Amino acid sequence: MKPNLLNQETSLKEMIGEYQQPAIAVSGGVDSVTLAMYVSRQRQEKIAVFHAVSAAVPKSATNRVRELFDNSSLFDLKIIDAGEFKNDSYLKNPDNRCYYCKYSLYGTIKSYWSGEVLSGTNFDDLSDYRPGLMAASKFEVKHPFVEAFITKAYIRELARGLGLPEVSALPAQPCLASRFATGVPIEPKRLEIVEDIEKSLSRILGPTDLRCRLRDAEFFFEISAERLRRLTQGELSQVELIGRSAATLLKVGFSGIRTYQRGSMSIRVSAEGV
């Protein structure tokens, strides 16, 4: 391991050791899962883990959380409803939708927990527009990976060191609401359809970055550039068939396949051409 990474991990260990009563907000993705496992390993005590279930949380993420943390002597798993679907501001899907989501999440966790709440936000995330971090600050949520300057790549390395090779290889998996363009209302039934579409695509394409993106009058698929290059004619036909079938369910037109672009449904990101 490179010396600078050793320094970063030393900082991370020191921070984790200084917390009085930490609990981890775990989405089911590589960052938060790795953080929970790492905190448990360092502190050698039972760690509280909070996981919110809603229509916007992929079922695969919830299943992963249950598999890793439920019925374990090392963790106290608490499944909660953060309540974001009761918030009209969230449902309207403004460009700061994540603020309302995280405000609901951390507010709910703090109603159960008096100690520190930790998130898996990493140093790379600071380069994006992250209104959820503003909500986190209101509840004094800690971000140990950010404070230790730890990037996504290093988190994957930590996951492998913790004996979590499958977790380390997980593609990014933001909430399903991120598939909706800014201003398109968040509807539970449509979220369920989008999740089912992506599952069908994953069965054809295997592990890769892919999204079903929804606008007012159209939807389209985004697939990683690397996987697009390897797409066979047979796979292309299957993907297009899924798109045509899904058009009836989503009640908008299918406009084809594009190269995956992180955050492409955000007005703010799209305007900046990122």
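The values are calculated or read from the model by the stated rules, or taken from the named source; none is laboratory data. Note that this is a predicted model, so its numbers are computed, not measured. Positions of Cβ are generated from backbone atoms using ideal geometry, with glycine treated the same way; all protein chains shown enter the neighbour counts.
Of the set (1) without any contact (Cβ under 8 Å) to a residue 60 or more places away in the chain; (2) surrounded by fewer than 16 Cβ atoms within 10 Å (Cβ to Cβ), all apply to residue 114 but (1). Restricting the range 3-47 to residues that are of a type in the set (Gly, Ala, Ser) and surrounded by 22 or more Cβ atoms within 10 Å (Cβ to Cβ), the residue that is farthest from residue 124 (Cα to Cα) is 23. Do we have any residue at all in the range 5-23 that's under 25 Å from residue 175 (Cβ atoms), within 17 Å of the chain's Cα centre (by Cα) and not in a loop (DSSP other than H, G, I, E, B)? For the range 5-23, residues under 25 Å from residue 175 (Cβ atoms), within 17 Å of the chain's Cα centre (by Cα) and not in a loop (DSSP other than H, G, I, E, B): absent.
Conditions (1) in contact with a Gly (Cβ under 8 Å, 6 or more places away or on another chain); (2) assigned by TED's automatic domain parsing to the domain that holds residue 34; (3) at pLDDT 95 or above, marked per residue:
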residue: 80; (1), (2), (3): no, yes, yes
residue: 89; (1), (2), (3): no, yes, yes
residue: 108; (1), (2), (3): yes, yes, yes
residue: 117; (1), (2), (3): no, yes, yes
residue: 125; (1), (2), (3): no, yes, no
residue: 128; (1), (2), (3): yes, yes, no
residue: 139; (1), (2), (3): yes, yes, yes
residue: 159; (1), (2), (3): no, yes, yes
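Selection of the range 99-115 for residues being part of a helix (DSSP H, G or I), more than 15 Å from the chain's Cα centre (by Cα) and not aromatic (Phe, Trp, Tyr) yields 104, 107, 108, 109, 110, 111.
Among the residues making up the range 126-165, those that are in a loop (DSSP other than H, G, I, E, B), over 18 Å from residue 42 (Cα atoms) and of a type outside the set (Val, Ile, Thr) are 128, 129, 130, 139, 140, 149. Counting just the residues of the range 203-216 that are surrounded by 14 or more Cβ atoms within 10 Å (Cβ to Cβ) and closer than 18 Å to residue 95 by Cα, which one comes out nearest to the chain's Cα centre (by Cα)? Selected residue: 213. Across the range 183-202, not a single residue is classified as surrounded by 17 or more Cβ atoms within 10 Å (Cβ to Cβ), charged (D, E, K, R) and not assigned by TED's automatic domain parsing to the domain that holds residue 244.
Of 222, 192, 240, all but one fail to be part of a strand (DSSP E or B), among the charged types (D, E, K, R) and at pLDDT 95 or above; the exception is 222.
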